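The values are calculated or read from the model by the stated rules, or taken from the named source; none is laboratory data. The shown structure was predicted, so the numbers you read here are calculated from the model rather than taken from an experiment. Reconstructed Cβ throughout: ideal geometry from the backbone, glycine too, with neighbour counts over all protein chains shown.
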Amino acid sequence: MNIIENDLYLKDIKVVAENSNINFNKLKDSKILITGASGLICSFLIDVLMYRNNKYNDNITIYMLERNEEKLKDRFKYYELEKIKDKNSNNLIYIIQDVCNEFKFNIDIDYIIHGASNTHPRQYATDPVGTITTNVIGLNNILTYCIYHKPKKIFMMSSVEIYGENKGDIDLFDEQYLGYINCNTLRAGYPESKRLGETLCQAYISQYDLDIVIGRLSRVYGPTLIKDDSKALSQFIRNAVKNEDIVLKSDGYQLFSYTYMADAVSAILTLLIKGIKGEAYNIADEKSNIRLKDLANILAKMNNKKVIFELPEEIEKKGYSNATKAILDSSKINELGWKAHYDINQGLNNTINIIRQISN
């Protein structure tokens, strides 16, 4: 079964696509470029926009930028098959392009959502150069393109990791906080390049008057996770789907904010429409602040399994963050009217059930 045909996944799409707080009229008849199109967040975002096209005739043309053509076409093959009977499926356009290379296309775009990035520990450890260059050179290519094409707004996906390690002086990270990062380490490549990416956005705003808004995402999960995602929660989810014991590779006392895929996308669309130029916004929800060991226990109890402890592989260990507490203050985005729809239990239940159903 294709994920887009799954009833529970379709309900998630409807929650976002029919969210009254998102003024989809602003996006009607627009052209949107989405980088990292086959990823966990952006693939669901594209399904939401296609739902708007098919149900409400929003006529949004979606340019999906991805370096891996096979992965992109496999993820969205459902719409290719639908083109025969559904003209709106022609609004989905493939751009096979590495964001780090010179752009070979020349299209006037209304909105850009930049989500291309290495996103999990094994990638940080095995492709540290690609992690940095995608976050800096790739972003610079996007912003250079925007100088000449002047989109209405650019959304840059940033990360909770820009805050570094909690110095013990605060409980919640607001958008002004800055914690410790040891830049002289392999693992620093991801958070430091995201920090530089945000600074690069400010430079382009000042020098070229681009309208850019930044979203600092907490740890995002959902059924669209990529198969080789090595984040701890993604590994837990795979254990749970297979009805296995949950393998915890640390003491589990790390306390983090999490966001379900659908809530992350509703926040991104809210910021794309309402976000103030040059501002950064945390994307998180207090109902999904939880310790890693408690996450493991929730998933274990779903299948009457247990949590077992195991030392991480050396490559995984190199890619792990040293942060032990990273809770985001979401009051700034809440002031724009955004709020999460899913708590951690509902999000995990949806994730496990959808993956199981589409795997049968």
> Residue check, GLY222 against (1) of a type outside the set (Val, Ile, Thr); (2) free of Cβ contacts under 8 Å to residues at least 60 places away in the same chain; (3) in contact with a Gly (Cβ under 8 Å, 6 or more places away or on another chain), all met but one. Which one?
Replying inline: (2)
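Of these, ASN59, ASN101, ASN19, ASN106, which one is on the phi > 0 side of the Ramachandran plot and either in a loop (DSSP other than H, G, I, E, B) or touching a residue at least 40 places away in the same chain (Cβ under 8 Å) (or both)?
The conditions single out ASN59.
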> Can you pull out the residues in region 259-287 that are buried (at least 20 other Cβ atoms within 10 Å of the Cβ), in contact with a helix residue (DSSP H, G or I) (Cβ under 8 Å, 6 or more places away or on another chain) and either in a loop (DSSP other than H, G, I, E, B) or at pLDDT below 95 (or both)?
Replying inline: ALA284, ASP285
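Is it true that ASP174 is more than 17 Å from ALA326 (Cβ to Cβ), at pLDDT 95 or above, loosely packed, with under 14 Cβ neighbours inside 10 Å and among the charged types (D, E, K, R)?
No, not satisfied.
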>> Can you confirm whether ASN90 is modelled with pLDDT under 95 and assigned to a helix (DSSP H, G or I)?
In response: yes
> What's the number of the condition ALA300 fails, among (1) part of a loop (DSSP other than H, G, I, E, B); (2) more than 23 Å from the chain's Cα centre (by Cα); (3) more than 23 Å from ARG122 (Cα to Cα)?
Replying inline: (1)
> Regarding LEU27, is this residue within 19 Å of ILE112 (Cα to Cα) and at pLDDT 95 or above?
Replying inline: yes
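Any residue in region 202-209 that is out of contact with any strand residue (DSSP E or B) (no Cβ under 6 Å at 6 or more places or on another chain), buried (at least 16 other Cβ atoms within 10 Å of the Cβ) and acidic (Asp, Glu)? Outline the logic, then answer.
Going through region 202-209, the residues out of contact with any strand residue (DSSP E or B) (no Cβ under 6 Å at 6 or more places or on another chain) turn out to be 202-204, 206-209.
Keeping just the survivors that are buried (at least 16 other Cβ atoms within 10 Å of the Cβ) gives 204.
Next, from what is left, pick out any that are acidic (Asp, Glu): none.
No, region 202-209 contains no residue that is out of contact with any strand residue (DSSP E or B) (no Cβ under 6 Å at 6 or more places or on another chain), buried (at least 16 other Cβ atoms within 10 Å of the Cβ) and acidic (Asp, Glu).
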> Tally time: how many residues in region 115-131 are outside any helix (DSSP H, G or I) and either at pLDDT 95 or above or charged (D, E, K, R) (or both)?
Replying inline: 2
> In region 7-34, what residues are surrounded by fewer than 17 Cβ atoms within 10 Å (Cβ to Cβ) and among the hydroxyl-bearing types (Ser, Thr, Tyr)?
Replying inline: SER20
> Does region 184-197 include one or more residues that are touching a residue at least 24 places away in the same chain (Cβ under 8 Å), surrounded by 19 or more Cβ atoms within 10 Å (Cβ to Cβ), on the phi < 0 side of the Ramachandran plot and touching a strand residue (DSSP E or B) at 6+ places or on another chain (Cβ under 6 Å)?
Replying inline: yes
>> Give all pairs with beta carbons closer than 6 Å in which a residue from region 236-247 that is touching a residue at least 60 places away in the same chain (Cβ under 8 Å) meets a residue that is assigned to a helix (DSSP H, G or I) and small (Gly, Ala, Ser); count only pairs at least 6 apart in sequence or on separate chains.
In response: PHE236/ALA296; ILE246/ALA296; ILE246/ALA300
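Applying the selection to region 134-160, what residues are of a type in the set (Ser, Thr, Tyr) and touching a residue at least 60 places away in the same chain (Cβ under 8 Å)?
Listed by number, the list holds a single entry, SER158.
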